[in-house]
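Chemist: Sending over a structure as structure tokens; questions will come in a sec.
The values are calculated or read from the model by the stated rules, or taken from the named source; none is laboratory data. Note that this is a predicted model, so its numbers are computed, not measured. Here Cβ is always computed from backbone atoms with ideal geometry, including for glycine, and neighbour counts include all displayed protein chains. All accessible areas refer to the heavy atoms of the entire protein, side chains included, with ligands and DNA or RNA removed. Shrake-Rupley method; radii C 1.70, N 1.55, O 1.52, S 1.80 Å.
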Amino acid sequence: MERQVTIRTDDLDVGTKLLSMVSRRVRLYIITFVADLVLLTGIFQLAGQIQVGTSAAGSEAGFMQTMVPIFAIIAIYNPVYSIRGLIEFRYAATRLLFALLVSAFLFIFLLFYLKPDIGPLRGEYSLAVMAVFLSMLGVRGIIALYVAKMLGGRVQNRLVIDDGGPEIVLEKAFRIEVDPDFAIQASSDPERLDALGRNMRSMDRVIVSCPNGRRAAWTKILRAAGVEGEIPSETLNELGILDLVRENNMAFLVVS
């Protein structure tokens, strides 16, 4: 169900109580990352003990754990740990599977050079990779449940400033409705600009919906507040713009 919190112009200070989601996301990334490495190390060690025996497990499982740094690098750049991965279980599972498969193939390629006799490792390594994948899926399921129950399914703060432009509907977004003359007045009113800036400070994404005539004023406001904002354009949407290219202090629209 869509959840939008509307803040009127006269109640801009309400937004100052909103806490940033960055620290929460970082904690969730760290928990997931550490859990992945622990699972990789522990399951490979257990697989070595079961397949080879406790006395010989150290060297075999220790060699398999070479995959741990390989997976860590690929997972970080994939990206396995992302905002979308926290709220979409299917996306998280797909990114994780891709990272594990690439890591496994790179490890096997390395294995042929460092350990030609891979017969004893083949069975335990395959089972270990499958067990790691299922265990990591379980971790992501717990994280997704925590985000849904404790954080209301929201891991980023998004703000829509409604200044009479096209309607913008974002699920679980905060909304500020302003008067038509707010942008002009805020440009020369430090108190209003400061109040609006405090509301935008904890936002991961700020979208300003306004008519064409007030875009320049909002651009100045966003720059003064040090916020990277977005201003939708119905005209550009009708043209089907593919990209924006800047060259020689000019902007070119790529349409085909």
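Chemist: For Leu239, which of the numbered conditions (1) on the phi < 0 side of the Ramachandran plot; (2) crowded, with 16+ Cβ neighbours inside 10 Å fails to hold?
Modeler: (2)
Chemist: Something else now. From the list Ser209, Ser233, which one is among the hydroxyl-bearing types (Ser, Thr, Tyr) and modelled with pLDDT of 85 or more?
Modeler: The conditions single out Ser209.
Chemist: Suppose we filter Arg175, Arg192 for residues that are over 30 Å from Ile83 (Cα atoms) and open to solvent by less than 70 Å² (accessible area, probe 1.4 Å); which single one remains?
Modeler: Result: Arg192 is the single residue among Arg175, Arg192 that is over 30 Å from Ile83 (Cα atoms) and open to solvent by less than 70 Å² (accessible area, probe 1.4 Å).
Chemist: Please enumerate the residues belonging to the range 178-189 that are at pLDDT 80 or above and open to solvent by less than 30 Å² (accessible area, probe 1.4 Å).
Modeler: Result: Val178, Phe182, Ala183.
Chemist: Still on this model: Which one of these is among the small types (Gly, Ala, Ser) and out of contact with any strand residue (DSSP E or B) (no Cβ under 9 Å at 6 or more places or on another chain): Gly152, Gly164?
Modeler: When all the criteria are applied, what remains is Gly152.
Chemist: Do we find that Ser202 is under 25 Å from Thr32 (Cβ atoms) and either crowded, with 17+ Cβ neighbours inside 10 Å or small (Gly, Ala, Ser) (or both) in this structure?
Modeler: yes
Chemist: Can we say Asp204 is farther than 27 Å from Phe174 by Cβ and among the acidic types (Asp, Glu)?
Modeler: no
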